[in-house]
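A short worksheet on the structure shown next.
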Amino acid sequence: MKTFMWGVLAMSSLVAALFFLRFWRATRERLFAFFSLAFVGMAAAWVGLAIINHPADEAQQEYAYIVRLVAFVILIIGIIDKNRRSGRL
Amino acid sequence: MSETDDLPEDVRALLHEHIESYEQLEVLLLLRRERYEEWTVAGLATRLHIREELVGSALDGLKASGLVSTTAAAPALRVAYRPASSGLDAAADRLDREYAEHPIRIIQLMSANAIDRVRTAALHTFADAFVLKKDKKGG
Amino acid sequence: MAEAIYILCAITSIVCAVLLLRGYRATRTRLLFWASLCFVFLAINNVILYVDLVLLPPNYDLFWYRNTAAIIGMLLLVFGLTWESR
């Protein structure tokens with residue numbers, strides 16, 4: 001059941017990433033590329049958790065969560081980048 | 001739409017990024033052809049048979065794009081063709097010639113760009129929402 | 001080390017949610033509505049993650065609580081993206 005759930009999460013995340021990829025192509029707006037990358041990262045983290053699938057294996061789990069953390073950071077960087085280029089920062 | 005593929009790349013870019021209306025096209029080309037003159041809004045409106053408000057908003061866009069500059073401030077406002085780069089000038093030059101030879105292609109591309117802009121307007125609003133403005137309400 | 005990761009996940013996910021909510025409040029666009037909802041649920045997911053793995057003793061397991069939040073968030077986003085595309 002857990003693997004199925006991680007599959008749902010990974011798949012929906014990838015779909016979101018594809019949408020944002022399309023938005024990036026349509027608008028040339030770099031922020032969408034950051035969104036897309038972030039969701040790819042989140043998908044990768046969920047896939048990682050599904051592969052590890054061992055709650056007792058804390059050490060390995062951490063790597064998956066690091067990937068998730070990176071995904072959020074990428075998004076924040078993207079928003080900062082958007083502000084920079086719009087002349088606010 | 002394959003006819004518009006024959007247009008040079010810089011002309012397509014110029015139209016896509018900086019020319020949003022027929023008025024802007026006409027104003028730009030006129031200012032460019034008569035680049036050593038400084039024009040008033042009323043003068044442009046009379047010469048092109050376009051309403052002054054439309055000329056005004058066309059000029060705002062062209063100024064923001066770095067194609068036109070104010071040469072004398074209000075109330076006796078005058079503008080002239082002052083491209084921000086030689087690339088822009090070259091593109092405008094080619095646009096002028098293309099428009100003279102293939103006006104339909106230019107108009108077609110401008111319509112396609114307009115449709116494009118509407119479709120992506122919501123997306124641009126999304127992206128612009130992330131620009132953190134100084135809230136007047138302090139939120 | 002693990003605690004640092006989990007707390008950072010919680011913090012960064014909250015930051016993202018706040019930024020998106022601000023964006024939605026400023027513009028009220030449909031796309032931002034779904035996106036900010038998604039990140040609110042992802043933030044909930046990561047906060048519960050921190051509570052579950054760091055604060056609570058091992059006999060408590062909030063695994064399904066936090067992941068349900070994540071699923072709701074992601075499904076809302078995918079629904080919103082699909083519905084709002086033309």
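The values are calculated or read from the model by the stated rules, or taken from the named source; none is laboratory data. Fair warning: this is a prediction, and the values are worked out from it, not measured in the lab. For neighbour counting, all protein chains shown are included, and Cβ atoms are generated from backbone atoms with ideal geometry for every residue, glycine included.
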Using the structure shown, decide if residue C:71 is under 21 Å from residue A:53 (Cα atoms), without any contact (Cβ under 8 Å) to a residue 24 or more places away in the chain and surrounded by 21 or more Cβ atoms within 10 Å (Cβ to Cβ).
no
Tally the residues that are part of a strand (DSSP E or B) and under 25 Å from residue B:97 (Cα atoms), restricting the search to segment B:65-82.
5
Which numbered condition trips up residue C:18, out of (1) within 12 Å of chain B (Cβ to nearest Cβ); (2) in contact (Cβ under 8 Å) with a residue 24 or more places away in the chain?
(2)
Out of the residues in segment B:115-127 that are surrounded by 14 or more Cβ atoms within 10 Å (Cβ to Cβ) and either among the aliphatic types (A, V, I, L, M) or touching a strand residue (DSSP E or B) at 6+ places or on another chain (Cβ under 8 Å) (or both), state the one that is modelled with the lowest pLDDT.
B:122
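Please work out if residue C:77 is over 15 Å from residue A:68 (Cα atoms), at pLDDT below 95 and surrounded by 19 or more Cβ atoms within 10 Å (Cβ to Cβ). Break it down into steps so the answer makes sense when it comes.
Working: over 15 Å from residue A:68 (Cα atoms): yes; at pLDDT below 95: no; surrounded by 19 or more Cβ atoms within 10 Å (Cβ to Cβ): yes.
For residue C:77, the condition - over 15 Å from residue A:68 (Cα atoms), at pLDDT below 95 and surrounded by 19 or more Cβ atoms within 10 Å (Cβ to Cβ) - is not met.
With respect to residue C:59, is the statement that it is without any contact (Cβ under 8 Å) to a residue 12 or more places away in the chain and not aromatic (Phe, Trp, Tyr) true? Don't jump to the end; show me each part of the working.
Values: without any contact (Cβ under 8 Å) to a residue 12 or more places away in the chain: yes; not aromatic (Phe, Trp, Tyr): yes.
Taking the combined requirement at face value, the residue satisfies it.
Do the conditions hold for residue B:64, that is, is it more than 14 Å from chain C (Cβ to nearest Cβ), surrounded by fewer than 18 Cβ atoms within 10 Å (Cβ to Cβ), farther than 30 Å from residue C:35 by Cα and hydrophobic (A, V, I, L, M, F, W, C)? Break it down into steps so the answer makes sense when it comes.
Details: more than 14 Å from chain C (Cβ to nearest Cβ): yes; surrounded by fewer than 18 Cβ atoms within 10 Å (Cβ to Cβ): yes; farther than 30 Å from residue C:35 by Cα: yes; hydrophobic (A, V, I, L, M, F, W, C): yes.
Taking the combined requirement at face value, the residue satisfies it.
Residues that are over 16 Å from the mean Cα position of the chain (by Cα): which helices (runs of 4 or more DSSP H) entirely in chain C hold 3 or more of them?
Filter on chain C gives C:2-27, C:63-84.
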What are the residue pairs meeting all of these: first residue in segment A:19-34, first residue farther than 20 Å from residue C:75 by Cβ, second residue at pLDDT below 90 and not in a helix (DSSP H, G or I), Cβ atoms under 9 Å, and 6 or more apart or on different chains?
A:31/B:130
Counting just the residues of segment C:1-15 that are among the aliphatic types (A, V, I, L, M) and in contact (Cβ under 8 Å) with a residue 24 or more places away in the chain, which one comes out surrounded by the fewest Cβ atoms within 10 Å (Cβ to Cβ)?
C:2
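Of B:52, B:17, which residue is within 20 Å of residue B:71 (Cβ to Cβ) and of a type in the set (Asp, Glu)? Spell out how you get there, then give the answer.
On the way: B:17 fails: within 20 Å of residue B:71 (Cβ to Cβ).
Of B:52, B:17, the one residue that is within 20 Å of residue B:71 (Cβ to Cβ) and of a type in the set (Asp, Glu) is B:52.
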Would you mind telling me which numbered condition in (1) within 14 Å of chain B (Cβ to nearest Cβ); (2) of a type in the set (Gly, Ala, Ser); (3) touching a residue at least 40 places away in the same chain (Cβ under 8 Å) residue C:26 fails?
(3)
Among (1) surrounded by fewer than 18 Cβ atoms within 10 Å (Cβ to Cβ); (2) within 14 Å of chain B (Cβ to nearest Cβ); (3) in contact with an Asp or Glu (Cβ under 8 Å, 6 or more places away or on another chain), residue C:31 falls short only on (1)
Tell me the residue from A:44, A:26, A:16, A:10 that is over 16 Å from residue A:79 (Cβ atoms) and away from every other protein chain (no Cβ under 11 Å), please.
A:44
Looking at segment B:85-123, which of its residues are within 10 Å of chain C (Cβ to nearest Cβ) and of a type outside the set (A, V, I, L, M, F, W, C)?
B:119
What residue, of B:88, B:62, B:95, is part of a helix (DSSP H, G or I), touching a strand residue (DSSP E or B) at 6+ places or on another chain (Cβ under 8 Å) and not charged (D, E, K, R)?
B:62
